[in-house]
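**Q** There's a structure below that I have some questions on.
The values are calculated or read from the model by the stated rules, or taken from the named source; none is laboratory data. Owing to the predicted nature of the structure, the values given are computational and were not obtained by experimental measurement. So basically every Cβ, Gly included, is an ideal-geometry build from the backbone, and we count neighbours across all protein chains shown. Ligands, DNA and RNA are stripped out before the accessible areas are found, and what is left, the full protein with its side chains, is counted by its heavy atoms. Shrake-Rupley method; radii C 1.70, N 1.55, O 1.52, S 1.80 Å.
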Amino acid sequence: MDSKYLDIIYNEKPISKNRKSMPLYKRAAQFMPFSALPTHIDSINETLRLTDEKAILSDDQKYYLDLKLNNISINSNIKVNYFINDLLKEGGFYKSYQGVVKKVDRNNKTILFYNDFIIDINNIYDIEII
């Protein structure tokens, strides 16, 4: 063994009286690799993420959708397919929701469910009364 460090090699680790020791997970984080360009990678992933285009309903589809809306009453159990606009880019995606109707608000063009979930009537693609 190198005699250069013999005087300190068997000493105990110094413990500070003023500070707590650093937790091991924080200590390990100092040596973890990091990405030099995280925002660049995020922007590439965002560009690769696909969105759907909102379908434009024909007059017949609008007519049948309006008939279904007129048949909805309070406490109706319905399944709604609707469009959600993407917040970051053009387009969005379609989603389904099933619930019990609390109110159909024609003035604000919304359907309110008992769990306070709201769907904009303008974004509805299809309704199924269950």
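**Q** Mind counting the residues in segment 94-112 that are under 17 Å from ASP66 (Cβ atoms) and polar (S, T, N, Q)?
**A** 3
**Q** Is one or more of the residues making up segment 107-117 hydroxyl-bearing (Ser, Thr, Tyr) and farther than 17 Å from GLU128 by Cα?
**A** yes
**Q** Can you tell me which condition GLU90 does not meet? The list is (1) under 27 Å from the mean Cα position of the chain (by Cα); (2) part of a helix (DSSP H, G or I); (3) not hydrophobic (A, V, I, L, M, F, W, C), and all the others hold.
**A** For GLU90, the exception is condition (2).
**Q** I'm trying to understand the selection: among the residues of segment 80-114, which are surrounded by 12 or more Cβ atoms within 10 Å (Cβ to Cβ), hydrophobic (A, V, I, L, M, F, W, C) and in contact (Cβ under 8 Å) with a residue 24 or more places away in the chain?
**A** Within segment 80-114, VAL80, PHE83, ILE84, PHE93, VAL100, VAL101, VAL104, ILE111 qualify.
**Q** Tell me which residues, restricted to segment 1-24, are aliphatic (A, V, I, L, M) and either open to solvent by 100 Å² or more (accessible area, probe 1.4 Å) or in contact with a helix residue (DSSP H, G or I) (Cβ under 6 Å, 6 or more places away or on another chain) (or both).
**A** MET1, ILE15, LEU24
**Q** When the residues of segment 53-78 are narrowed to those that are open to solvent by less than 80 Å² (accessible area, probe 1.4 Å), not in a helix (DSSP H, G or I) and not polar (S, T, N, Q), which ends up modelled with the highest pLDDT?
**A** Only one residue tops the list, namely ILE78.
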